[in-house]
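These notes are about the structure you will find just below.
The values are calculated or read from the model by the stated rules, or taken from the named source; none is laboratory data. As the structure is a computational prediction, the values presented were derived from the model and not from experiment. When we count neighbours, we look across all protein chains shown, and the Cβ atoms used for this are built from the backbone with ideal geometry, even at glycine. Surface accessibility is based on the protein's heavy atoms, side chains included, excluding ligands, DNA and RNA. Shrake-Rupley method; radii C 1.70, N 1.55, O 1.52, S 1.80 Å.
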Amino acid sequence: MSTQVLDSLSEDTVRRIAEERDEPDWLLETRLDAFDELDELDLPDVIQTPGRRWTNLEGLDFESLVDPLNQADVTERDGEDDVVVLPFTEAFAEYGDVIEANFGSVLDPQENYLTALSVALFTTGTFVYVPAGVDAEDVTIRAEMNSRSLFSQTLVVTEESSSVTILEGIKSGADAAADVSPADADRYFSNLVEVAAGENSYVQYGSLQNLAEDTYTYTLKRGSTDTYATINWIEGNLGSALTRSDVETELDGDGSETQIVGAFFGHDDQHLDLNARVWHNAENTTADLVTRGVLDEEARSVYEGVQDVGRDAWNTSSYQRENTLMLSDDAEADASPKLIIHNHDTEASHSATVGQVDAEEMFYMKSRSIDPETARNMLVEGFFVPVLEEIRVDEFRDDLEELVQARLE
C-alpha cells in the first residue's frame, strides 16, 4: 500500500534539520532523496492471510504522531578510549569518509516508507567505529525520548579482527514542552541500525526497548558480515503500544555467523510484530534464531522468522525456534517460521509453539502450598531461562530479568 507525504513535512523541513546539525552535502542529498520518494514507497510488509492483515500499520495516524522540528532526547554514550562512540554531528569532522562510505550500504534508506521517513528526519543517533585489532567490550547507548516523535540512526563499522559489544536502551522521559507534546498524546519512535562487520570481526548488539505504552515503535536493524565475521543480536521488547521490530543479518562472507536472540513480554492490549531474518549468501555460514515471549491480558504477538539459503551458500547450518506462552485466554499469538532453501548442501530446521501455562505444572506447585500467583510467576521466569542462557552479556541479562519481574508484579 503506498502512502502520502505528511502535510507537516516539506523539503524545507528536511533542509532545516540538516542545516541545524551542520551536516555534509552528501547526507543532505541522501535525506532529500529519501523525502522525494515518500509518495512512491509502501509501508513495510506484514503477514496476511485471506481476509486478515496480522498488523494494521495503515491504521497509524502519522500526521498526528510526527512532529519533525520538535524532537528531543537525552542520550548517554560511553565507550573505551580506543573505540569511537560519537553522535554523528561530532563524528563528521574526523570520520566523515568512513561514515559516507558505509551509511546506507547495509540498509537502503528507501527500503520502505518508514525507513525513508526516518532517514529524512532523524536528529539523534550514534556512530560506532572499531579500528582493526581493537577489542571493545563496554559500549553503551542509553537514550531517553522526550518529545512527541523521535527518529534515530545508528551506524556501526568494525575493521579487520576487531570486536565490540554494544548495549542500547530506549525509554520514555518527560515531555520536552507541554504545548508541543501533551502528556495524553500518542508518540512515535523510529530507530534504524546498520552494522558493517569487517573481516574476522565480532559484533554483539543488544537492544532493550521499554518505552511508555502511549508510543508506537518502528525499528529495523540489519547487519552485513565479511569473511569469518560474526554479528549477534539480542532484542528485548517490553514497552510501546505497537512494536514493529525487524532484526536481520546478511551473511555475505564465507565462514560468517549470526545469532538472533529475542525476548518479549506483552500485557494490556499491547501489539508486538516481531521479525527475525537471515540471508545465507556465502559458503560455510551459520545462523541460530531463538525467540521466547509471554503474553498476558489482551496482548497480541505476531512473529515471522525467515532463513533464506542462497544457491551458492554451500555447507549452510541454520536453526530457528520460537515459543510463546500465554497467561490469558484473551491473549493471541501467531507465528510463521519459514525456510527458503535454494541449496541442497544445507542443515536447517525451524519450529514454533504457542501455548498456555501447563495445568499439571500449576497443580503440582499449588499442591506444594505455593499460591497461584507465585506459581505462575515462577513458571514465567523459568520459561525465559533458555533465552536468558543465550545472553552472554551480564548487564543486559540482569536488566531484562528486572523488567520481567517488574511486569509480573
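Observations, loosely collected:
- Of the criteria (1) free of Cβ contacts under 8 Å to residues at least 40 places away in the same chain; (2) under 30 Å from ASP39 (Cα atoms), which one ALA116 fails: (1)
- Residue in the range 271-278 that is in a strand (DSSP E or B), within 24 Å of GLU390 (Cα to Cα), of a type outside the set (A, V, I, L, M, F, W, C) and in contact (Cβ under 8 Å) with a residue 60 or more places away in the chain present: yes
- Qualifying residue in the range 390-408 (condition: buried (at least 17 other Cβ atoms within 10 Å of the Cβ), more than 22 Å from the chain's Cα centre (by Cα) and either of a type outside the set (Phe, Trp, Tyr) or modelled with pLDDT of 90 or more (or both)): yes
- Residues that are in a strand (DSSP E or B) and open to solvent by 10 Å² or more (accessible area, probe 1.4 Å), drawn from the range 249-259: GLU250, GLU257, GLN259
- Among the residues listed as ALA299, ALA352, ALA335, the single one being among the hydrophobic types (A, V, I, L, M, F, W, C) and at pLDDT 95 or above: ALA299
- Unique residue being open to solvent by less than 40 Å² (accessible area, probe 1.4 Å), at pLDDT below 95 and in contact with a Pro (Cβ under 9 Å, 6 or more places away or on another chain) when the list is GLY173, GLY125: GLY125
- Residue-level check: of (1) modelled with pLDDT of 95 or more; (2) within 16 Å of VAL84 (Cα to Cα); (3) surrounded by fewer than 24 Cβ atoms within 10 Å (Cβ to Cβ), ASP138 misses just (1).
- Considering residues of the range 145-158 that are within 23 Å of PRO44 (Cβ to Cβ) and not small (Gly, Ala, Ser) only, the residue farthest from the chain's Cα centre (by Cα): ARG148
Residue by residue, here is whether (1) modelled with pLDDT under 95; (2) buried (at least 19 other Cβ atoms within 10 Å of the Cβ); (3) touching a Ser or Thr at 6+ places or on another chain (Cβ under 9 Å) holds:
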{"site": "THR75", "(1), (2), (3)": "no, no, yes"}
{"site": "ASP81", "(1), (2), (3)": "yes, no, no"}
{"site": "VAL84", "(1), (2), (3)": "no, yes, no"}
{"site": "ASP97", "(1), (2), (3)": "no, no, no"}
{"site": "VAL106", "(1), (2), (3)": "no, yes, yes"}
{"site": "PRO109", "(1), (2), (3)": "no, yes, yes"}
{"site": "ALA116", "(1), (2), (3)": "no, yes, no"}
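- Listing of strands (runs of 3 or more DSSP E) fully contained in the range 39-144 that carry 3 or more residues being among the small types (Gly, Ala, Ser) and under 21 Å from the mean Cα position of the chain (by Cα): none
- Being open to solvent by 10 Å² or more (accessible area, probe 1.4 Å) and either modelled with pLDDT of 95 or more or more than 16 Å from the chain's Cα centre (by Cα) (or both) is not true of GLU194.
- Of all residues in the range 299-324, those being under 19 Å from ASP358 (Cα atoms) and open to solvent by 20 Å² or more (accessible area, probe 1.4 Å) number 1.
- Only one of GLU90, GLU63, GLU58 that is surrounded by fewer than 19 Cβ atoms within 10 Å (Cβ to Cβ) and farther than 17 Å from TYR188 by Cα: GLU90
- Check on GLU361, within 22 Å of the chain's Cα centre (by Cα) and closer than 28 Å to MET378 by Cα: no
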